[in-house]
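**Student:** First the structure, which I've put down as structure tokens, then a few questions once you've had a look.
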Amino acid sequence: MLWSQSFIATLKEAPQEAESASHQLMLRAGLVRMLMAGVYSYLPLGLKALNNIETIIRQEMNSCAAAEVLLPALQPLDLWLKSGRDKDIGEVMVRFTDRRGRKICLGPTHEEVITELVRTQVSSYKQLPLILYQIQVKFRDEIRPRFGVVRACEFIMKDAYSFDQDDAGLENSYQAMHAAYGRIFSRCGLKILTVSADPGVMGGKVSHEFMVATASGEDIVLVCPKCKGSFAFHEGGLDSCPGCKVELDKVNAMEIGHIFQLGTKYSLALGANFLDAQGKLKPIIMGCYGIGVSRLIAAIIEQNNDAAGIIWPKEISPYKMIILPLDLGQAKIMEKAKSIYGQLNSLGIEALLDDRDERAGVKFKDADLLGIPLQLVIGKDALKNNTLELKIRRNNERFIAGEEEILAKTREILNG
């Protein structure tokens, strides 16, 4: 893609309302723009990163034999009255009455809706176990949206739901999802802290949170400096590591995922039952598994940045390489840039070609800000010595060589 066709709007300075590093960089790099407090438009670079995250999630969910669905954002309030969670959610839920007089809400989560769907479609033990998931927009009337997309009123989540005959089946589903989350976050370039957590209004007895250590995190996790074990923080609770007996460090963290063993909380409330092998009617045993998809972009940036800008992990980056022709006054430099751009496309390597007639310093600063993993500089040496310069954004390592060697090095880095 050419820069001139990509709707990229970088900023030299972060707006004053941007509090966290990720919020500042998402605005400065042109990933998002705020429409109103807690509501953001995704620009092309931000959407490409979001799509790459969703691709990873789909691959890992599908590897667990989970089937993707798409559930309505509009939900009848009656379902929430049956589960009793209308009062638990309270004013965070966006509610209205339509022109037919129906009481409706914009879904803050989808446990009730998925349970109702399964209630009408699953009736026998032969249809279990079952795991369904979706990637869907959620709505919450946050009284104080903060940190950009981290605490927003409209956001994207992956929510999965498991349906089993018994507790042993639920445990198998839960462990499969737990392992899948580890793979997802690793592929996203994140270092995760996992802690046992209070299920809260979701219900059930067992739950785990997946946290990212960040200075702007609103939660606190206790971390053992010796064994690196992580524990939930409670006032007057744990003072030292149970295994190492050393004092625990308090770490600010952001929640990006949460999984729950729900048991029969929703199946009993909504009548989701099945007939077992003996013909006995039983409630379906459920689990649910959430990931804040739009939060993941912020979390990735929080752990992958420096003073110059974002440093995207390879699988998440909107592009794998940015091509920087430096003197557009010389037609042969742009010809060389377009030739390499075409070769990269033929190799399946997505590249952004900065075709702006800007000073070299502007292009270099914007390239670092955008954080694309590889930068290919095409200057006068490309004509004089027939050499190109390849820079790795993460460590600033540089390689100067001929075109064939640079392309070979590019493939080696991206496939490594």
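The values are calculated or read from the model by the stated rules, or taken from the named source; none is laboratory data. A quick note: this is a predicted structure, and the numbers were derived from the prediction, not measured. Note: ideal-geometry Cβ built from the backbone for every residue, glycine included; neighbour counts use all protein chains shown.
**Student:** Residue under question is Thr55, and the condition is that it be over 28 Å from Arg183 (Cα atoms), at pLDDT 95 or above and among the hydroxyl-bearing types (Ser, Thr, Tyr); does it hold?
**Tutor:** no
**Student:** Right, next: Can you tell me how many residues in the stretch 80-126 are within 23 Å of Asp167 (Cβ to Cβ), among the polar types (S, T, N, Q) and in a helix (DSSP H, G or I)?
**Tutor:** 3
**Student:** I'd like the residue in the stretch 327-346 that is in contact with a strand residue (DSSP E or B) (Cβ under 9 Å, 6 or more places away or on another chain) and under 25 Å from Glu412 (Cβ atoms) and, out of all such residues, is surrounded by the fewest Cβ atoms within 10 Å (Cβ to Cβ).
**Tutor:** If we take residues in the stretch 327-346 being in contact with a strand residue (DSSP E or B) (Cβ under 9 Å, 6 or more places away or on another chain) and under 25 Å from Glu412 (Cβ atoms), then Asn345 is surrounded by the fewest Cβ atoms within 10 Å (Cβ to Cβ).
**Student:** Right, next: I'd like the residue in the stretch 80-111 that is among the charged types (D, E, K, R) and in contact with a strand residue (DSSP E or B) (Cβ under 7 Å, 6 or more places away or on another chain) and, out of all such residues, is nearest to Cys288 (Cα to Cα).
**Tutor:** Glu111
**Student:** Could you run through the stretch 226-274 and say how many residues are part of a strand (DSSP E or B), among the aliphatic types (A, V, I, L, M) and free of Cβ contacts under 8 Å to residues at least 60 places away in the same chain?
**Tutor:** Within the stretch 226-274, residues that are part of a strand (DSSP E or B), among the aliphatic types (A, V, I, L, M) and free of Cβ contacts under 8 Å to residues at least 60 places away in the same chain number 2.
**Student:** Now, a different point. Which one of these does Ser339 not meet: (1) over 23 Å from the mean Cα position of the chain (by Cα); (2) hydroxyl-bearing (Ser, Thr, Tyr); (3) in the same structural domain as Ala180 (by TED's automatic domain parsing)?
**Tutor:** Exception for Ser339: condition (3).
**Student:** Among the residues of the stretch 11-24, how many are farther than 13 Å from Ala308 by Cα and either acidic (Asp, Glu) or in contact with a Gly (Cβ under 6 Å, 6 or more places away or on another chain) (or both)?
**Tutor:** 3
**Student:** Let me ask another. If a residue must be within 14 Å of Pro76 (Cβ to Cβ), of a type in the set (Ser, Thr, Tyr) and within 31 Å of the chain's Cα centre (by Cα), how many such residues does the stretch 97-136 contain?
**Tutor:** Qualifying residue count for the region: 1.
**Student:** I've got another one for you. Can you work out which of the residues in the stretch 183-216 that are part of a strand (DSSP E or B) and of a type in the set (A, V, I, L, M, F, W, C) is surrounded by the fewest Cβ atoms within 10 Å (Cβ to Cβ)?
**Tutor:** Selected residue: Val206.
**Student:** If Asp78 satisfies every condition in (1) of a type outside the set (A, V, I, L, M, F, W, C); (2) in contact with a helix residue (DSSP H, G or I) (Cβ under 8 Å, 6 or more places away or on another chain); (3) free of Cβ contacts under 8 Å to residues at least 40 places away in the same chain but one, which is the exception?
**Tutor:** It fails just one condition, (2).
**Student:** Another question about this same structure. Can you pull out the residues in the stretch 275-296 that are closer than 30 Å to Val149 by Cβ and out of contact with any Leu (no Cβ under 9 Å at 6 or more places or on another chain)?
**Tutor:** Hits for the stretch 275-296 are Tyr289, Gly290, Ile291, Gly292, Arg295.
**Student:** Within the stretch 347-363, take every residue that is surrounded by fewer than 17 Cβ atoms within 10 Å (Cβ to Cβ) and touching a residue at least 12 places away in the same chain (Cβ under 8 Å) and give me the one that is nearest to Gln330 (Cα to Cα).
**Tutor:** Across the stretch 347-363, the extreme among qualifying residues is Asp357.
**Student:** Please go through (1) on the phi < 0 side of the Ramachandran plot; (2) free of Cβ contacts under 8 Å to residues at least 40 places away in the same chain; (3) not in a helix (DSSP H, G or I) for Asn51 and return the number of the only condition it doesn't satisfy.
**Tutor:** Exception for Asn51: condition (3).
**Student:** Checking the condition surrounded by 15 or more Cβ atoms within 10 Å (Cβ to Cβ), modelled with pLDDT of 95 or more and on the phi > 0 side of the Ramachandran plot, which residue from Gly279, Gly263, Gly257, Gly271 passes?
**Tutor:** Exactly one of Gly279, Gly263, Gly257, Gly271 is surrounded by 15 or more Cβ atoms within 10 Å (Cβ to Cβ), modelled with pLDDT of 95 or more and on the phi > 0 side of the Ramachandran plot, namely Gly263.
**Student:** Of everything in the stretch 220-254, what is crowded, with 19+ Cβ neighbours inside 10 Å and not aliphatic (A, V, I, L, M)? Give them in sequence order.
**Tutor:** Those that are crowded, with 19+ Cβ neighbours inside 10 Å and not aliphatic (A, V, I, L, M): Cys224, Ser230, Cys241.
**Student:** Conditions: (1) surrounded by 15 or more Cβ atoms within 10 Å (Cβ to Cβ); (2) of a type in the set (A, V, I, L, M); (3) over 30 Å from Leu170 (Cβ atoms); (4) modelled with pLDDT of 95 or more. Ala18 meets all but one. Number of the miss?
**Tutor:** Going through (1) surrounded by 15 or more Cβ atoms within 10 Å (Cβ to Cβ); (2) of a type in the set (A, V, I, L, M); (3) over 30 Å from Leu170 (Cβ atoms); (4) modelled with pLDDT of 95 or more one by one, Ala18 breaks only (4).
**Student:** When the residues of the stretch 111-136 are narrowed to those that are of a type in the set (Val, Ile, Thr) and in contact (Cβ under 8 Å) with a residue 12 or more places away in the chain, which ends up surrounded by the fewest Cβ atoms within 10 Å (Cβ to Cβ)?
**Tutor:** Val122
**Student:** Take the conditions aliphatic (A, V, I, L, M), under 27 Å from Ala277 (Cα atoms) and either in a helix (DSSP H, G or I) or modelled with pLDDT of 95 or more (or both) and apply them to Ala180. Does it pass?
**Tutor:** no
**Student:** Still on this structure, please answer the following. Among the listed residues Leu388, Leu407, Leu414, which satisfies the condition of being more than 19 Å from Asp306 (Cβ to Cβ), under 30 Å from the mean Cα position of the chain (by Cα), surrounded by 14 or more Cβ atoms within 10 Å (Cβ to Cβ) and not charged (D, E, K, R)?
**Tutor:** When all the criteria are applied, what remains is Leu414.
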